[in-house]
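The values are calculated or read from the model by the stated rules, or taken from the named source; none is laboratory data. The model shown is predicted, which means the values in this text are computed figures rather than measured ones. Here the Cβ is made from the backbone with ideal geometry for all residues, glycine too, and neighbour counts use every protein chain on show. Keep in mind that these areas ignore ligands, DNA and RNA; they rest on the heavy atoms of the full protein, side chains included. Shrake-Rupley method; radii C 1.70, N 1.55, O 1.52, S 1.80 Å.
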Amino acid sequence: MTGGLEGKRILLGVTGGIAAYKSVYLLRLLRNEGAAVKVVMTEAAREFVTPLTFETLSENKVHTRLFGAEGEPGDESPVEHVDLAKWPDLVIVAPTTANTIAKCAGGAADDLLSTVISAYEGPVVLAPAMNDAMWRNKATQDNLRQLGARGFRVVPPESGDLACGYEAEGRMAEPEKIIEHVKTVCSSDFSKLRVLVSVGGTEEDLDPVRVITNRSSGRMGFALAEAARNRGARVTVVMGRVFVRPPIGVRLIETRTSAEMSEALKKEFVESDVLIMAAAVSDYSVASPSAQKIKGDTWTVELTRTEDILESLGKMKGKRFIIGFALETENIKANTEKKLAKKKCDLIVVNNPLEKGAAFEHETNAVTIYNAEGEVLSTGLKSKHEIADIILQTARTEKAFQKILVEAR
Ligand code: CTP
């Protein structure tokens, strides 16, 4: 039987927890879905399940050691960890112990699995399993938040019977649930799409050294670019001023002012199927920027409205799918309906900056997504990577998007 992971190369990391027995079934499901799987086990994992079980089911040698004795696993290549890090489309660690979570968060590389993860640049899915107190531990939760902000996907543990003999939160999610997450992360359903994403804030010159800008970090836009890339899209990012590193595997065009961003976007839009307008474009620019550095005690500046780039691109829309953003604090529904029509957007993602932990400068966000019929969903507070997945999944269910998917070459 084959399924949605046909041809995908998955590295399954197994760490030392009683839930390691469930990973045997997870491996079976991954193989049934059509994935090629290589397994890396930590030393502690081998206390729970033998490598032979994973070897038989994966039809691949199980990797266990960073440095192996002659004739033992791990002796084949002095840079086995580098070879292993280059191989997969996706890494899953199931179960993930609190220790492995801490190692990933800290960038430690003291055994084969942690070394492979630190040398690997693609998506990682973690399925934690541990005692409930260890799960609630602040250090573990802080580590998970950090990893979420870096793009690691966490499949949260469930409540149920723990090995400790009572019911609580900490049981590894069921393999079927983990597979669902894996499918969203590494599906290639956007492989025919050209996705254009605008990211970050713009700068408007006051004089040769000073600018007007905003606090956009670029995190949300980059998370969207990364999520689209993970689904196989060819992604172009037109970026303004950002405070975080762009994802790998996307084409980057750097711009500074709203006028530069507009020019780049108009050029790229023609060759795109989907536009995600996540940039925080300045609404105003300086009427007459000074050619010399301004001195003196007071300074009055006249601002004029900038071009609404999204509205301009909306006029060139054709069959393209457009996702706009908005920042609203009141009359959200009415304002959003007006914007959807005026800017010819298929979806508008509304940030509410009054919600704690949402919008600018945070690693988390909380958004409500609207289409022409009204509110589609509210996400609640989540990492920007999770929100990016939800936004793309919501777009995927829209009729106009499906039409583009069918027609895209
Ligand atoms: N946008 C744009 N060009 C601008 C301003 C905004 O393309 N000059 C885009 C943004 O990238 C975003 C959307 O338009 O996708 C935001 O629309 P906007 O009308 O600025 O809404 P808000 O920021 O929500 O606020 P307001 O309605 O108060 O202006």
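So what is the relative contact order for the chain, in percent, with contacts set as C-alpha pairs under 8 Å and at least six apart?
That works out to 11 percent.
Sort 223-231, 386-394 by packing, meaning the average of other beta carbons within 10 Å per residue, with the highest value first.
Top to bottom by mean Cβ count within 10 Å: 223-231, 386-394.
So what is the relative contact order of region 9-187, in percent, for Cα pairs below 8 Å that sit 6 or more residues apart?
Dividing the mean separation by the residue count of region 9-187 yields 22 percent.
222 nm [θ] for the chain, helices only, -39500 (n - 2.57) per DSSP H run of 4+, per residue, to 500?
-10000 deg cm²/dmol
In a GNM of the chain with a 10 Å cut-off on Cα contacts, which of Thr140, Thr50, Thr300 has the highest mean-square fluctuation?
Thr300
Straight-line reach from Lys315: which lysines fall under 16 Å, measuring Cα to Cα and dropping same-chain residues less than 8 apart?
Within the straight-line cut-off, Lys315 pairs with Lys266, Lys267, Lys338, Lys339, Lys342, Lys343, Lys344.
Taking every DSSP beta bridge that has both residues in region 9-187, what percent is antiparallel when rounded to the nearest 5?
So the antiparallel bridges amount to about 20 percent of the total.
Between Thr53 and Asn32, what FRET efficiency follows from the Cβ-Cβ distance if R0 is 22 Å, with the result rounded to 0.05?
Given R0 = 22 Å and the Cβ-Cβ separation, E is 0.85.
What accessible area per residue, rounded to a whole number of Å², is obtained for the chain using a probe radius of 1.4 Å?
Accessible surface, normalised per residue, equals 48 Å².
Compare the peptides 327-338, 263-274 by average per-residue count of other Cβ atoms within 10 angstrom and give them in order, highest first.
Per-residue mean Cβ counts within 10 Å order the peptides as 263-274, 327-338.
At a 10 angstrom cut-off on C-beta neighbours, averaged per residue, how do the peptides 313-326, 196-209 rank from highest to lowest?
Averaged packing, sorted descending, gives the order 196-209, 313-326.
Check which residues have an amide H placed less than 5 Å from Asp207's amide H, if you skip close sequence neighbours.
Under 5 Å from the amide H of Asp207 lie the amide H atoms of Ser290, each far enough along the sequence or on another chain.
Per-residue accessible area for Arg9 at 1.4 Å probe radius, Å² rounded to 10?
100 Å²
Just to verify a number: FRET efficiency for Ser159 and Arg9, C-beta to C-beta distance, R0 = 45 Å, to 0.05?
0.85
Among Thr298, Thr115, Thr97, which one shows the biggest mean-square fluctuation in a GNM of the chain, springs joining Cα atoms closer than 10 Å?
Thr298
Over the chain, with a Gaussian network built from C-alpha contacts below 10 Å, which listed residue (Lys344, Lys61, Lys138) shows the highest mean-square fluctuation?
It is Lys138.
For a quick check of understanding: with a 1.4 angstrom probe and all protein chains in place, what accessible area in square angstrom does Thr184 have, to the nearest ten?
Taking all protein chains as shown, Thr184 has close to 50 Å².
Lys61 to Lys317: extension gain in nm, 0.36 nm per residue of separation minus the Cα-Cα distance?
Gain on stretching Lys61 to Lys317: 87.0 nm.
Once a ≥ b ≥ c are taken as the square roots of the eigenvalues of the Cα gyration tensor of region 9-187, is the result rounded (a/c under 1.5), prolate (a/b larger than b/c) or oblate (a/b not larger than b/c)?
It comes out rounded by the Cα gyration axes.
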